[in-house]
Amino acid sequence: MELDELNYHFGIDGVVEFAPGPGGLAQASVTAPGGTATVLLHGAHVTGYWPAGHEPVLWMSRRSWFEPGKPVRGGVPVCFPWFSSTGPAADSPHHGFARLREWEVESTGLDGDLAEITLVLLADDDTRRYWLGQFELRLRVTVSETLSVSLEAENTGGEAFTITEALHSYLAVSDIRGVRITGLAGAEYVDTVGETTRRRQGDEPIRFAGETDRAYVNTESACVLDDPGMGRRITVAQSGSASTVVWNPWSAKAARMSDYGDDEWPGMVCIETANIYDNAVTLAPGEAHTMEARIGVE
Ligand code: TA6
């Protein structure tokens with residue numbers, strides 16, 4: 001649908017507006033008294049979140065691609081129907097195909113101080129090239145005093161299927177070497193830096209002194225990112241999610257990523273709301289599952 005049609009059918013003056021985003025991709029701006037979020041139809045990708053009175057919360061690489069069929073490096077990538085390289089074939093796209101596809105706008109709305117947009121991706125011949133699941137996937141972005149991103153997957157076919165999934169949130173920080181994350185004390189995690197091993201988080205906050213890539217499992221706790229350099233705390237709460245990934249590539253891995261600036265690694269950390277490893281989700285025919293990330297700043 002063209003931008004003028006999107007604005008005619010789904011635009012709400014001063015609340016939801018569609019315009020060319022980065023790379024000329026169609027992007028919605030969703031504005032409520034509590035802040036603004038921007039969402040590409042490409043990948044149903046939240047590219048930015050600006051709570052009223054605060055600095056941007058989401059990080060975006062200056063080297064990100066903004067092209068059909070390519071992932072965006074920053075914001076909130078939607079990882080579905082598999083996480084990382086756990087797809088069914090050797091050439092399965094990393095983190096699944098949902099973030100590579102153009103989604104459709106299904107609805108927009110304003111309810112008091114809450115503004116929202118819902119986008120939908122349906123199984124089709126392209127998705128079946130990678131994965132035979134019959135599904136409807138909806139991403140609902142709600143701006144109020146916080147940013148809510150919820151991913152609802154429905155099995156519309158006759159066979160059960162199992163998915164892994166993540167809302168892969170990139171958060172902007174002053175300097176990764178000065179922040180700490182609490183909320184995961186005692187949780188077991190899969191550490192994928194070097195040889196993959198299972199460890200258990202102690203009571204101390206998570207701090208960063210090198211590449212960090214940890215998938216915490218069987219935890220539904222909210223995480224708090226304390227950033228003294230920016231004088232703020234970002235909370236990532238969740239529902240329908242039993243895994244949390246914490247990731248910073250550090251310098252060497254950053255230099256290996258062509259869509260990530262070599263000097264950008266100090267400015268971000270991912271706290272990803274997920275269902276992966278032990279927490280994969282199996283949906284029977286007709287069954288639906290919703291995973292939500294709620295991001296707030298104080
Ligand atoms: O969530 C952490 C992770 O799985 C890292 O291992 C790294 O691969 C990151 O995701 C980014 O993946 P991407 O496919 O977006 O480059």
Can you pull the semi-axes for segment 3-297, root of five times each eigenvalue of the Cα gyration tensor, sorted largest first, whole Å? 27, 24, 18
Using the per-residue mean of other Cβ atoms lying within 10 Å as a proxy for protection, in what order, highest first, do the peptides 263-272, 54-63 fall? 263-272, 54-63
Cut-off 13 Å between beta-carbons: net charge of the residues surrounding Gly286, Lys and Arg +1, Asp and Glu -1: -4
For segment 36-115 and segment 219-291, what is the separation of their C-alpha centers, rounded to whole Å? 13 Å
Linear extension gain, Ala280 paired with Leu122, 0.36 nm per residue minus alpha-carbon span: 54.8 nm
What FRET efficiency comes out for Glu204 versus His54 if R0 is 45 angstrom and r is the Cβ-Cβ distance? Round to the nearest 0.05. 0.95
Shape call for segment 51-147, from the Cα gyration tensor axes a ≥ b ≥ c (a/c under 1.5 means rounded, otherwise prolate when a/b beats b/c, else oblate), comes out oblate
Using the Karplus equation 6.51 cos²θ - 1.76 cosθ + 1.60 (θ = phi - 60°), what ³J(HN,Hα) coupling, rounded to whole Hz, does each residue of segment 197-209 give in order, writing x for Gly and Pro? 9, 9, 9, 10, 5, x, 7, 6, x, 7, 10, 10, 9
Evaluated at 10 °C with a viscosity of 1.306 mPa s, what Stokes-Einstein diffusion coefficient in µm²/s does segment 86-210 have when Rh comes from the Kirkwood expression over alpha-carbon pairs? 88 µm²/s
Phe208 neighbourhood, Cβ < 14 Å, K/R = +1, D/E = -1, net charge -2
Computed FRET efficiency, Cβ-Cβ of Asp262 and Glu298, R0 30 Å: what is it to the nearest 0.05? 0.40
Relative contact order of segment 3-297, please, whole-number percent, based on alpha carbon pairs below 8 angstrom and at least 6 residues apart. 17 percent
As a check on your grasp of the helix formula, calculate [θ] at 222 nm for the chain: sum -39500 (n - 2.57) over DSSP H runs of n ≥ 4, divide by the residue count, round to the nearest 500. -2000 deg cm²/dmol
Would you kindly derive the ³J(HN,Hα) couplings of segment 104-116 from the backbone phi angles with the Karplus curve 6.51 cos²θ - 1.76 cosθ + 1.60 (θ = phi - 60°), listing them in order in whole Hz, with x for Gly and Pro? 9, 7, 9, 6, 9, x, 9, 10, x, 9, 10, 10, 8
Out of the total accessible area of the chain (probe 1.4 Å, heavy atoms of protein only), what percent is carbon and sulfur? 46 percent
Per residue, how much accessible surface does the chain expose to a 1.4 Å probe? Answer in Å², no decimals. 41 Å²
Zone of Ala160's modelled label, taken as backbone nitrogen in segment 267-293 under 11 Å from a point 7 Å along Cα→Cβ: 282-285
If you take the Cα Rg of segment 1-84 and divide it by 2.2 N^0.38 Å, with N the number of residues, what do you get? 1.12
Translational diffusion coefficient (Stokes-Einstein; Kirkwood radius from C-alpha pairs) of segment 110-179 at 4 °C, 1.567 mPa s, in µm²/s: 87 µm²/s
Assuming R0 = 25 Å, what is the FRET efficiency of Glu5 and Glu136, from their Cβ-Cβ distance, to the nearest 0.05? 0.70
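The values are calculated or read from the model by the stated rules, or taken from the named source; none is laboratory data. The model shown is predicted, which means the values in this text are computed figures rather than measured ones. Cβ sites come from the backbone with ideal geometry, for glycine too, and all protein chains shown count toward neighbours. The protein model used for the area step is the full one, side chains on, heavy atoms only, and it has no ligands, DNA or RNA in it. Shrake-Rupley method; radii C 1.70, N 1.55, O 1.52, S 1.80 Å.
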